[in-house]
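Accompanying notes for the structure given below.
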Amino acid sequence: MNTQSIINILAPLGEPQDNRPWLDYSAYGFTAGDAISLVGLVADSRFLESEDTDYWVPLHSWRALQHLMPAGLHELIDIFDLLAEDDWAHDEIPAVIAAAGQVAIEPLVAYVLDARNDEFAIPLALQSLVEIGTRHGKLRKPVIERLVYCLQNTFAQDHGLKGLIVADLIVLRAVEAMPAIRAAFASEQVDWSVCGDLEDVELGMGLRTERDTPRPNYQQMLVGAEDDGFEEDDDSEPLVEQVIRTEPKIGRNDPCPCGSGKKYKKCCMP
């Protein structure tokens, strides 16, 4: 179907209800032939200023892509840079990409390793890899292997990215990746403020139950404190934990919680 026909279907759907199951978009008759048009709508910035229900067309477009995967896979990955600052996208795109299964792994790895890509978009590719490994039990091992490859082949100076990769390996409880992780720490290539120090990583992997040394003060490290960066901390819980949303997401068209009377998207939305 043509692009306007797709808009006519998706625009009336309006704002999704947080924590509700996605609609069955297959019921609207979309086929693999519509995937490119749907990706185009995901990237279409004209909807961002809308005050009407068509504001949500990009979100419904990427949700509709899920059951069409791998159709549109490469095109969707190619616009990650446009989605880098969209909280909804970071929450949902990995689930869309994961529907493609194994064929998505190598394009995502290539995206992570391409230094030309937006540094804020690369985490979206990493989250998608984690989602694949989580949703598809048989793909957990190849995902871990490719994340280790990324850890070993990103620029040595890109400590933040290596920290993100280590954090994602913790989410997957990838104990088998520990030799590569220890090597990265030994080479001082990992940003501790992202994933914690090696003892925190081992806690997150379930390899230890408590620290042997005081936990570093990561907040002071972030602001460049001149002290030794360490303070006593009796908390032996892993630093990296899965974040679970406990409060409803504020809709872009909802009143801003600051009380200004303006819509959230026109006021305090980051």
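The values are calculated or read from the model by the stated rules, or taken from the named source; none is laboratory data. Note that the coordinates shown come from a computational prediction; the quantities given were computed from them, not determined experimentally. SASA here: full protein model, heavy atoms, side chains in, ligands and nucleic acids out. Shrake-Rupley method; radii C 1.70, N 1.55, O 1.52, S 1.80 Å.
A few remarks follow.
- Applying the criterion of at least 1 residues that are open to solvent by less than 30 Å² (accessible area, probe 1.4 Å) and of a type in the set (S, T, N, Q) to the helices (runs of 4 or more DSSP H) found wholly in segment 103-210 leaves 122-135.
- Meets criteria (charged (D, E, K, R) and over 28 Å from Glu188 (Cα atoms)) for Asp86: yes
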